[in-house]
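Asks: The structure under discussion is supplied below as structure tokens; questions concerning it will follow.
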Amino acid sequence: MNLIAAIMLLFATACTPEDKPLSPASTTVGDITLTIGDRTFTATLEQNSTSEAFRALLPLTLEMQELNGNEKYHYLSQPLPTNRTKVGTIHAGDIMLYGDNCVVVFYETFTTTYSYSPIGHITNPESLKATLGSGKVNISFTAEISQKSKSTEQ
């Protein structure tokens with residue numbers, strides 16, 4: 001078993017199947033960029049195993065399908081760890097995981113009884129709906145690679 005598969009298995013077995021309440025003050029861990037056509041959007045990631053595993057897949061371009069006039073989705077070829085939460089309200093710009101392998105980018109705000117694992121949120125989603133359009137769309141997700149500075153002894 002390769003290292004990545006072992007880590008993914010560890011994440012998957014460490015998660016519980018119960019839904020967790022959404023924390024009002026969630027903590028975030030960094031930004032990613034979504035590129036749709038010639039437009040870019042910045043999203044801040046949540047601090048959880050789902051977002052960490054998603055970020056590890058980047059860079060990634062997904063062909064996302066339209067659903068319900070409020071979201072674009074894509075089924076990944078591999079499962080991610082889950083942190084299912086009954087979110088109550090989906091906000092335009094939310095990036096979530098449905099089940100363990102369906103990445104969803106929401107472009108409308110609405111209430112829901114479904115549970116999702118939060119990945120992140122687009123910081124300025126005002127033009128997101130117009131940019132996504134109707135039907136399929138390719139979205140590229142990228143993250144900056146942080147490099148530790150090396151010090152030299154003299």
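Asks: For the stretch 10-59, how many residues meet the condition of being at pLDDT 75 or above and over 17 Å from Val104 (Cβ atoms)? So that I can check it myself, show each step before the final result.
Replies: As a first pass, look at the stretch 10-59 and keep what is at pLDDT 75 or above: 31-59.
Still in the running and over 17 Å from Val104 (Cβ atoms): 31, 33, 35, 37-40, 42, 47, 49, 52, 56, 59.
Looking only at that region, the number is 13.
Asks: Go through the stretch 92-119 residue by residue and tally those that are farther than 18 Å from Ser140 by Cβ and β-branched (Val, Ile, Thr).
Replies: Count: 4.
Asks: Sticking with this structure for a sec: Taking the stretch 32-69 only, how many residues are surrounded by 15 or more Cβ atoms within 10 Å (Cβ to Cβ), among the hydroxyl-bearing types (Ser, Thr, Tyr) and either touching a residue at least 40 places away in the same chain (Cβ under 8 Å) or in a strand (DSSP E or B) (or both)?
Replies: 5
Asks: Sticking with this structure for a sec: Just name the residue that is surrounded by the fewest Cβ atoms within 10 Å (Cβ to Cβ) out of those in the stretch 110-122 that are within 17 Å of Ser49 (Cα to Cα) and of a type outside the set (A, V, I, L, M). First the steps, then the outcome.
Replies: Initially, the stretch 110-122 is screened for residues within 17 Å of Ser49 (Cα to Cα), giving 115-121.
The next check asks that each one be of a type outside the set (A, V, I, L, M); those that pass are 115-118, 120-121.
On the way: Ser115: 18, Tyr116: 25, Ser117: 27, Pro118: 23, Gly120: 27, His121: 20.
So the residue we want is Ser115.
Asks: Would you tally the residues in the stretch 68-109 being among the acidic types (Asp, Glu) and closer than 16 Å to Ser51 by Cα? Break it down into steps so the answer makes sense when it comes.
Replies: Residues of the stretch 68-109 that are among the acidic types (Asp, Glu), as a first pass: 71, 94, 100, 108.
Filter once more, keeping what is closer than 16 Å to Ser51 by Cα: 94, 100.
Adding up the residues that qualify gives 2.
Asks: If we scan the stretch 133-150, do we find a residue that is of a type in the set (Lys, Arg) and at pLDDT 95 or above? So that I can check it myself, show each step before the final result.
Replies: Within the stretch 133-150, the first condition is being of a type in the set (Lys, Arg), and the residues that meet it are 136, 148, 150.
Checking which are at pLDDT 95 or above leaves us with 136.
Within the stretch 133-150, one or more residues are of a type in the set (Lys, Arg) and at pLDDT 95 or above.
Asks: Would you mention how many residues in the stretch 70-121 are without any contact (Cβ under 8 Å) to a residue 60 or more places away in the chain, of a type in the set (A, V, I, L, M, F, W, C) and not in a strand (DSSP E or B)?
Replies: Residues that pass the stated criteria total 2.
The values are calculated or read from the model by the stated rules, or taken from the named source; none is laboratory data. Note that the coordinates shown come from a computational prediction; the quantities given were computed from them, not determined experimentally. Don't worry about glycine lacking a Cβ; one is built from the backbone with ideal geometry, like all the others, and counts go over all protein chains shown.
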